[in-house]
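Presented below is the structure to which this report refers.
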Amino acid sequence: MPTKTALLIGSTLLCLTFVTVWVAGIDLGAFNFIVAMAIATVKALLVALFFMNLIYDRRENGVIFFTAFLFLAIFFTLTATDLFFRGDVYLKGPIQGAEAKSKISKPWVSTPALVAHGKELFAVNCTSCHGPEGLGNGPAASALNPHPRNFHQDKDWVNGRKPSQVFKTLKDGVAGSAMASFATLSSDDRWSLDAYVLSLGPKPPADTTADLIAIGIDPTKENAVEAVQATIPVEMAMRKMAQPEMVAHAASAHNQDSAGAQLYQSCVQCHGDHGQGGKIGALPSISTPNNVSVDPFMLNSEGLSSQQAFTKLLDSGIPGGLMPSYGQYSGAEIGELYGYVKSLAH
Amino acid sequence: MSDSHGTHAMTSDDGGVVHHFAHHFATADDEFEAAKQGMWLFLVTEVLMFGGLFVAYGIFHGLYPAMFKECHEFLNVKLGATNTVVLITSSLTMALAVSATQRGKRQRAILLLTSTFMLACCFLVIKYFEWSHKFHEGLLPGKHFTNTEIHAKKADLFFSLYFVMTGLHGFHVIVGMCLIAWLIKRTVKKELGPQYYTPTELVGFYWHFVDLVWIYLFPLLYLVN
Amino acid sequence: MSNHSATGVVHGDNYLNHTPGIWSWLTTLDHKRIGVMYLFTVLSFFFVGGVFALLIRMSLFYSGHHFIDANTYNKFFTYHGAIMVFLVIIPAIPAALGNFLVPIMVGAKDVAFPRLNLFSYYIYCAGAIFATAALFMRGADTGWTFYTPYSIQTSTTVILVLTGAFIAGFSSILTGLNFIVTVHKLRAPGMSWSRLPLFIWAIYATSIIQVLATPVLAITLMLLILERVVGIGIFDPALGGDPILFQHFFWFYSHPAVYIMILPAMGIISEVIPVFSRKPIFGYKAIAYSSFGIALIAFIVWGHHMFVSGQSELANFVFSLITMFVAIPTGVKTFSWVWTMARGSIHFNAPMLYAFGFIELFTIGGLTGVFLATLAIDVHLTQTYFVVAHFHYVMVGGTLMGLLAGLHFWFPKMWGKMYDEKASVIASTLIILGFNVTFFPQFILGLQGMPRRYWDYLPEFQTLNQVSTVGSWLIGAGFLYTAWYLGKALMSGEKAPSNPWQSTTLEWQTSSPPPFENFLETPIVSHWAYEYLPEGGVPQNAPANPATA
């Protein structure tokens, strides 16, 4: 290679170095990365083609060298189909309390459609314990004590056999048994299951309005806006399993049946089941622009100083923080929730 | 030496370099071309080895862009850019050294090889300062990370990648320096010249590759935006 | 001093007696001697790995009863896997037979870089020493796959094994590099690409895989060592890293590695079948190109080892889909081999029997691979004995059968002696039969749900486990018998002619054993590699036909 060419290439490379540093100082958003890589690639090509003589050499050697980068690209791309597409395993953004707006009108009234849908859900979710016909003879049943419910009989249902009571069972599970909470299913799905399992036995007693209000349903409204969380973080589940007496204590101390307690369910996953806060489980960095820690605070802030302050807090959330706004509550609901939250704070 | 292959001898006209090429090649040129291709294949393996680290970098940068952005501010762009200039210049001197050897300009070749060596030293010295500054700040890999200024979670991963990538690169620089020193010795002893410059050319390729890796390392580590 | 004159070679001078003394062997640059050294070292480690296999099967004879404890069991399957994969199956055909044959088959005097070749051998030995050292210390119990985070946390001497594999990997890389340049640059006059024997095509494709894939293993092992020593956190969930990323890194090499294992064996089968069918190979180009097809697809399917690891649904889908495609080039080869035999004149010598065994066993192994590639099925079969049976069918039933076919086929060439034909038929039958008895029950066990890498199993699996263990004794007996009659042949076998099988390729056109320089005169090639005419095979370096010159 003639000396002149070498010097020319060398100075071009130095120039491009200055350019790349200069461009990095300008904010081009996503393009910064592309420009930096493009300049680097031009520099790399200059080195490979001229300093390493590929431009004068047999094509074979250039093909050999290029092949390496091709396979490197394959390595990265296919690995990325996993690492970048893990889906909801990595939550991005603030955690929303799922507003489980019902899609079915008055789902607490059993219909054939609900029963049919419930049957499908039953086959997937329930048969391992309750058996395919709901006789309480599923494969897992032999190992369980107490025995899974036989839906064809109406004796000794722990919470009772009214639709609202079955709904509560589905939502909370049965403490002291293997019946888990199925709050991860939407409320419509749970009403479907409710209708189906009750259809397996004799006609159930009817709900009163008070029964429905007790589970947070206003029967005069068309749809139930149920305050329920979509999932609970693993760490919370572990905490709950480890400290049953705490849950019981919390229940007795804080009137779990109140409307406020029901509303509080959408706050639990960040603020803890009795307001103790705590980390939001094993999630990647959710650092916010203001670098606020992901540890939710205890419920002792000035947002609790008055119902007005509390209303304001719910309406606007905390900008720059993880506390979203919860503007859907009525004045009465906010009152209930405020009362309950204050009781937790003490 | 027992069981050695016979070689063909080639005497040169410049009164210096004599090269015996191995008997299983038909001509000296065949041997040179084979050696060159062998070096290209070796560089392919280096691309894939370093490439693994670049893949890890790409994955973690893609998953945690904010963390990368915050961490890179703790790298000294001036020193990084200086090192880039140093390496590019050393590539230039290396390329000129190969040309000089090919043309029989022995003194110039020795001078250029020595310059390349010195520039490589310079690179390592700057690297030393960068690294020791990081140790001082607690910006260490993985479980040794103790820095408290950075808020982003998993910042230790950035510095793990930084140290492993620049460390592996630095190791290759050291190996390169040993090879260049060997070239200087052989050139001084008149074993390398127009009749036989294969080692010079191949070490040159290796050295340009080391430069190539840094050309990508520099923007990816120092200029993240 | 010239010692390579074209005439005047001492009568009876061959590579074995060319220079005497063990030091001349240890410092040799002769590819044939290097191949022989590799062969004996690899076979020694095969014996060690085999002993561990027998111990594993012994300990699985009874449900509930053990003569080794669980930790020792974990170490035994780790050693069996690591030794067999890294020290036996990957190097066996390329480094032992390939080193011996590649230069001769292309008509060259040596590989492109003889000193690098010797260096590769010593790197392999160094890697083997490191890995074996671990056996005498706290060992390793991670399985040969070293999955994180356990491999980061275990207190066994994992780093020694990792270092051993790391070093041995460079042996593989340099061998591949050497072969690529040899095939590119050292072919004899007239040896065009379309006249290359299919064994060379296979080794060439294998070498490309070795060069591209093995460096990623190097960086993976290096990163794992750094994890253990420094705690860099890249694969450690406790430090923010991703343990599945380790699996991507590991399998990016280790899947192509299985094609490094099988392609050379397929190459041997492609050589053996035409010779013992006295017919040209069917589909020469298809077989040649299918080697590249396999090599390419090898690099884009690794995620099928990770279907239940927690990788994304997208990755699961992509890898499952692409994996299906590898069956195509494999099917092309199998069909071509079978069609080569059709209307041929079949000779049932040991190489051919092993080729039959290969086709039967590799087909079963390969087809079960398709089941495992099917995502919905793999979810149930993964980590069961079904997988164990699958990979033993392809690795042992495939690669090892190929190796045995090759060792028998080229035995006369390498040693100048003939082995006992009758003994070879008995031994090969014993091995193929014993193999099926050992591993077919494992398919059933896997379908019934018996997990792999478990020290114990439920009583209902006992009968099939016992059948499998008895099978392992049959294989062991077969191998010992093979070692016996081959060893006897080395000592006192009948002298072999240069071309006992009347084959056409170049290695048979020189003496058995070959001279130090491979050929007395540089061969000039005018014929393709499989010109088997009714009147006999035409050697590749026979004078050109006037019509086709």
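The values are calculated or read from the model by the stated rules, or taken from the named source; none is laboratory data. Everything numeric here is computed off the predicted structure, so don't read it as measured data. Reconstructed Cβ throughout: ideal geometry from the backbone, glycine too, with neighbour counts over all protein chains shown. Surface areas here come from the heavy atoms of the whole protein model, side chains and all, with no ligands, DNA or RNA. Shrake-Rupley method; radii C 1.70, N 1.55, O 1.52, S 1.80 Å.
Specify the longest stretch of chain C that does not include any exposed loop site, a site being one of the trypsin sites (Lys or Arg not before Pro) with a non-H, G, I, E, B DSSP assignment and at most 15 other Cβ atoms within 10 Å.
Between the exposed loop sites, the longest stretch runs C:139-342.
When all alpha carbon pairs of chain B are counted in 10 Å bins from zero, the resulting P(r) reads 8, 28, 28, 18, 11, 6, 1 %.
An ellipsoid equivalent to the range C:475-549, defined through the eigenvalues of its Cα gyration tensor, has semi-axes of 33, 16, 10 Å when rounded to whole angstrom and sorted largest first. Calculate the length of the line joining the C-alpha centroid of the range C:500-519 to that of the range A:6-75, in whole Å. So the separation of the two Cα centres works out to 49 Å.
Taking the Cα centre of the range C:376-526 as reference, the dipole from Cβ charges on Lys and Arg (+1) and Asp and Glu (-1) amounts to some 180 debye.
Taking R0 as 41 Å, what's the FRET efficiency between A:Leu45 and C:Phe335 from their Cβ-Cβ distance, rounded to 0.05? Efficiency at R0 = 41 Å is approximately 0.40.
For A:Phe85 and A:Ala309, the difference between the fully extended length at 0.36 nm per residue and the C-alpha to C-alpha distance is 76.5 nm. Quick one: grab the alpha carbon gyration tensor of the range A:117-185, order the square roots of its eigenvalues as a ≥ b ≥ c, and give me rounded if a/c is under 1.5, else prolate or oblate depending on whether a/b is larger than b/c. Taking the square roots of the gyration eigenvalues as a ≥ b ≥ c, the range A:117-185 is rounded.
Reported to the nearest whole Å, the Cα centre-to-centre distance from the range C:176-234 to the range A:133-149 is 58. Counting, for every residue in A:57-68, the Cβ atoms of other protein chains within 10 Å of its Cβ and taking the mean gives 5. Oblate is the label for the protein assembly as shown, because a/c, from the alpha-carbon gyration tensor with a ≥ b ≥ c as root eigenvalues, is 1.5 or above and a/b does not exceed b/c. Compute the distance from the alpha-carbon center of the range C:256-287 to that of the range C:380-395, in whole Å. Comparing the Cα centres of the range C:256-287 and the range C:380-395, I get a distance of 24 Å. Of the GluC sites (Glu not before Pro) in the range B:147-220, the ones in a loop by DSSP (not H, G, I, E or B) with at most 12 other beta carbons within 10 Å are B:Glu149.
Label separation (C:Thr374 vs A:Thr12): 5.6 nm, computed from points 7 Å beyond Cα along the C-beta direction. Angle of helix C:421-448 to the longest C-alpha principal axis of chain C, folded into 0 to 90 degrees and rounded to 10: 30°. Of the solvent-accessible surface of the range B:49-222, computed with a 1.4 Å probe and all protein chains present, 65% belongs to carbon and sulfur. Long hydrophobic helices in chain B: the complete DSSP H runs spanning 15 Å or more by Cα along their own axis with mean Kyte-Doolittle hydropathy of at least 1.0 are B:77-102, B:155-188. Placing pseudo-labels 7 Å out from each Cα toward the beta carbon at C:Ala126 and B:Val188 gives an inter-label distance of 2.7 nm.
Shown are A:Asp211, A:Asp154, whose ranking by accessible area with a 1.4 Å probe and every protein chain present, most to least, is A:Asp154, A:Asp211. Between B:Val125 and A:Ser142, what is the spin-label point distance in nm, taking each point 7 Å from the Cα along the Cα→C-beta axis? Here the modelled spin labels are 8.0 nm apart.
Computed from point charges on the beta carbon alone (+1 for Lys and Arg, -1 for Asp and Glu), the dipole magnitude for chain B about its Cα centre is near 540 Debye. Return one number: the angle in degrees, 0 to 90 and rounded to the nearest 10, between the long axis of the Cα atoms of helix C:350-373 and the longest principal axis of the Cα atoms of chain C. That helix lies at roughly 30 degrees to the long axis. C:Val308 contributes about 80 Å² of solvent-accessible surface, heavy atoms of the protein only, 1.4 Å probe. Helices in chain C, meaning DSSP H runs of at least 4 residues, each add -39500 (n - 2.57). Divided by all residues, the mean residue ellipticity at 222 nm is -20500 deg cm²/dmol. FRET efficiency for the C:Met324 to A:Ser177 pair, using the beta carbon distance and R₀ = 51 Å, is estimated at 0.65.
Checking the a/c ratio against 1.5 first, then a/b against b/c, what shape does the Cα gyration tensor give for chain C? Prolate shape, in that a/c is at least 1.5 and a/b is the bigger ratio. In plain terms, chain C is cut at each of the chymotrypsin sites (Phe, Trp or Tyr not before Pro) found in a DSSP loop with at most 12 other Cβ atoms within 10 Å, and the longest leftover piece is C:137-347. Straight-line cross-link partners of C:Lys279 among the lysines, defined as a Cα under 28 Å from its Cα and at least 8 positions apart when in the same chain: C:Lys333, C:Lys413, C:Lys417, C:Lys422, C:Lys495. The coefficient of translational diffusion for the range A:99-227, derived via Stokes-Einstein from the alpha carbon Kirkwood radius under 37 °C and 0.692 mPa s, stands at 223 µm²/s. When the GluC sites (Glu not before Pro) in the range C:484-549 are filtered for DSSP coil states and for at most 14 other beta-carbon atoms within 10 Å of their beta-carbon, the remaining sites are C:Glu521, C:Glu535. Taking the C-alpha atoms only, the angle from helix C:313-325 to the longest principal axis of chain C is near 30 degrees.
The residues of the range C:159-187 occluded by other protein chains by 20 Å² or more of accessible area, set against the chain on its own, are C:Leu177, C:Ile180, C:Val181, C:His184, C:Lys185, C:Leu186; surface from heavy atoms, 1.4 Å probe.
Taking the Cα centre of the range A:3-85 as origin, sum charge times position over the Cβ atoms of Lys and Arg (+1) and Asp and Glu (-1), and report the length of that vector in debye to the nearest 20. Walk me through the numbers before you get to the answer.
Details: 4 positive and 4 negative charges, 64 e Å.
Around 300 debye, computed over the range A:3-85.
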